[in-house]
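Notes follow the structure.
The values are calculated or read from the model by the stated rules, or taken from the named source; none is laboratory data. Just so it is clear, the structure is predicted and the values come from calculations on it, not from any experiment. Backbone-built Cβ (ideal geometry, glycine too); neighbour counts: all protein chains shown. In case anyone asks, the SASA skips ligands and DNA or RNA and just uses the protein heavy atoms, side chains included. Shrake-Rupley method; radii C 1.70, N 1.55, O 1.52, S 1.80 Å.
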Amino acid sequence: MAELTPLEEALKVVIESAKPLDTERVFIHEALGRVLAEDVLSDSDKPPFDNSAMDGYAVRHEDIQNVPAKLKIIGEYAAGTGEKLRVEKGTAVRIFTGAPIPEGADTVVPVEFTEVSDGYVIIKKSFKKGANIRRKGEDVRKGEVVIPKGKEIRPYEMGMLASVNKAVVSVYRRPNVGILSTGDEILDLCEEMTNPSQIRTSNNYMLYGQVLGAGGIPHNLGIAPDDPEELKKVLRNIHKYDVFITTGGVSMGEKDYVKYLVQELGIDVKFHKLRIKPAKPVLFGVYGDNKLFFGLPGNPVSTAVAFDLLVYPALRIMQGYKNIFKEKVKAVLERGYRRKNADRREFARCKVWYEDGMYKCEPYPKQDSHMLTSLVNANAYMVVYEGVNELKEGEEVEVILF
Ligand code: AMP
Ligand code: MG
């Protein structure tokens, strides 16, 4: 039997095969989480004009050098004002935050340090020239890049987009991902059981969620039977998708037709079978122009692990993300972990939490690849490297958060 491919090697192949997709234009409301495919420039200076940082009085600095100083109030500047007053010697304008600085004034005295009497304001404290004024262009200059190409749009970037009057932006397209389960025994959601050896699918819906979570557009194509002709009918449609994921049918069984059909369909198989546990029988190939085919194993936990380790980074690259992997941190093992066979790198499902200034980790007791509870009751994969039979309590381990 062919050698098992080490994970690093497999990942390298996947990463080299995944290419950023073309771009599309979206409205700001839909831009959250997308990756910018253009530099966004400022349409104007920010702030666009000198304005007050405080509620108070706009004055001439020379008038408040000796305090208390008494100045005549000549009017009021609210934010958005259209007033055109001039602050002459011995006068002041009542001003509010965000209002432009009236001509002649060069300093704002906050209202807390003033008192009003009979049309005059008494300034009780002196301030430096220019105090409490936000300067035109001090944040951003017109034409400056405010969000560079390649940046992921968070709510803060949405705020910036609005502020530079950018209603539509260019982002990388999200990949369309076909999802197909295979197996005569697999029943779809709500489908009636007709024989006791049937199994309800979890993979179609788990993958649907995983694809969405990675930013892709999932297309659930249901379940194909273990029949080469039927399977071929569905697999002929792979060209409609940027990425195609099957589950089941890639193991050692005679009815594992996916692995035979891929060649017939012209998929260039890059690897099949990895040195990892679970999810050893992963098949990966490329087709069309930079389209990716993942034949994942049928066991739900294997499917999940294979997706998180290999499909996830591929989908992220296609959308232009720089950060393509799930977060990995170090955690202290709260309970020891042993295994007999240390041939493969294991991704043991575990619970990770933050306590006393560190991450702590506890492996879930049931680790078989058909047991979905090991995912539902966990939030991370603990990495057990090749050659390691035992991890002791108190030891530091690597965990991949999910
Ligand atoms: P296979 O890789 O086809 O040999 O399947 C391995 C195991 O995963 C078998 O026990 C299948 O019944 C199970 N399995 C396959 N597809 C699914 C699915 N969509 N949902 C849940 N279990 C599945
Ligand atoms: Mg099967």
(message) I'd like to compare 293-301, 137-145: which one has the highest average count of other Cβ atoms within 10 Å, and what's the full order after that?
(response) 293-301, 137-145
(message) Mean-square fluctuation check for the chain, GNM, Cα pairs under 10 Å: which of V67, V305, V383 is largest?
(response) V67
(request) Working with all protein chains in place, sort L161, L265, L41 by solvent-accessible area computed with a 1.4 Å probe, largest first. (result) L41, L265, L161
(message) If you filter the range 1-68 for trypsin sites (Lys or Arg not before Pro), then keep DSSP loop positions with at most 12 other Cβ within 10 Å, what is left?
(response) none
(message) What distance in nm lies between label points placed 7 Å from Cα along the C-beta direction at W353 and Y385?
(response) 2.9 nm
(message) Suppose only helical runs count, i.e. DSSP H with n ≥ 4. What mean residue ellipticity at 222 nm does that imply for the chain under -39500 (n - 2.57) per run, divided by all residues and rounded to the nearest 500 deg cm²/dmol?
(response) -4500 deg cm²/dmol
(request) Given a cut-off of 31 Å, name the pairs among K84/K125; K240/K366; K291/K322; K328/K366; K151/K366 whose C-alpha atoms lie farther apart than that in the structure shown. (result) K240/K366; K151/K366
(request) Arrange the residues E3, E16, E390 by how much accessible surface each exposes, largest first, with a 1.4 angstrom probe. (result) E3, E16, E390
(message) Using the Cα centre of the chain as origin and beta-carbon charges of +1 (Lys, Arg) and -1 (Asp, Glu), tell me which of I276, Y260, G33 is placed farthest towards the positive end of the dipole.
(response) G33
(request) Report E103's accessible area, 1.4 Å probe, all protein chains in place, as a number in Å² to the nearest 10. (result) 110 Å²
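For the chain, give me the percentage of DSSP beta bridges that are antiparallel, rounded to the nearest 5 percent.
On the way: 58 of 87 bridges.
Counting only bridges with both partners in the chain, antiparallel ones make up about 65 percent.
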(request) Using Cα centres only, tell me the gap between the range 1-24 and the range 205-254 in whole Å. (result) 18 Å
(request) Answer with one residue from Q210, A378, A79: the one whose Cα lies farthest towards the positive end of the charge dipole of the chain, charges on Cβ with Lys, Arg +1 and Asp, Glu -1. (result) A79
(request) Please build a GNM for the chain, connecting alpha carbons under 10 Å apart, and tell me which residue among T246, T373, T81 fluctuates the most. (result) T81
(request) Work out the charge dipole of the range 328-401 with +1 on the Cβ of Lys and Arg and -1 on the Cβ of Asp and Glu about the Cα centre, then indicate which of G394, Y337, S369 is farthest towards its positive end. (result) S369
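Using a 1.4 angstrom probe with every protein chain in place, what is the largest-first accessible-area order of M252, M371, M382?
Reading off the accessible areas and sorting them downward yields M252, M371, M382.
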(request) Run the 1.4 Å probe and let me know the accessible area of D368, rounded to the nearest 10 Å². (result) 80 Å²
(request) In a Gaussian network model over the chain where Cα atoms closer than 10 Å are linked, find which of R349, R86, R154 has the largest mean-square fluctuation. (result) R86
(request) Could you pull out which residues in the range 262-283 have an amide N less than 18 Å from a spot 7 Å beyond the Cα of N237, following the Cα-Cβ vector? (result) 262, 265
